[in-house]
Amino acid sequence: SRHAGYALIFFSADIPVALSAVFKDYAFKRGNLDVFYLTAMVSWVQLGVTWFYLPLLKLPAFGGMDLHSIPEVMSDGAACFFGDTSIPVYNAADDITGYCSHRTTLITSVYSLSGFTAGIC
């Protein structure tokens, strides 16, 4: 059924993460690695890869965004993060589904902190 296919895709997305965790455990046991240095380097690489893939946003499969609108989108994202409740939230069909919440900062910070904590524990 269709739901089984989605469950299989969701499950298969965890395989690279699991392999990464096994490799990290192996590497940490074999070498003298500083977890904070490693986390910082991973963050820098992720930032670089994110900027490298930014032009893909122009493709319809990735949203079909006009690249000239990126500064406005980044500005709206920052305003939303800092609690501006006048920023609309859109779905894939460009319909407004709601507005940013005053809890956005808390939710985003807890999410980021939990990811950081999972990376060093």
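A few points about this structure:
- Listed values (i) 31, 21, 17; (ii) 29, 13, 12; (iii) 30, 20, 11, entry calculated as semi-axes √(5λ) of the Cα gyration tensor in Å: (i)
- Residues with amide H under 5 Å from that of residue 89, placed H, sequence gap 5 or more: 97, 98, 99, 100
Read-outs: derived from the displayed coordinates by stated rules, not from any lab. Values in this document were obtained by computation on a predicted structure and should not be read as measured data.
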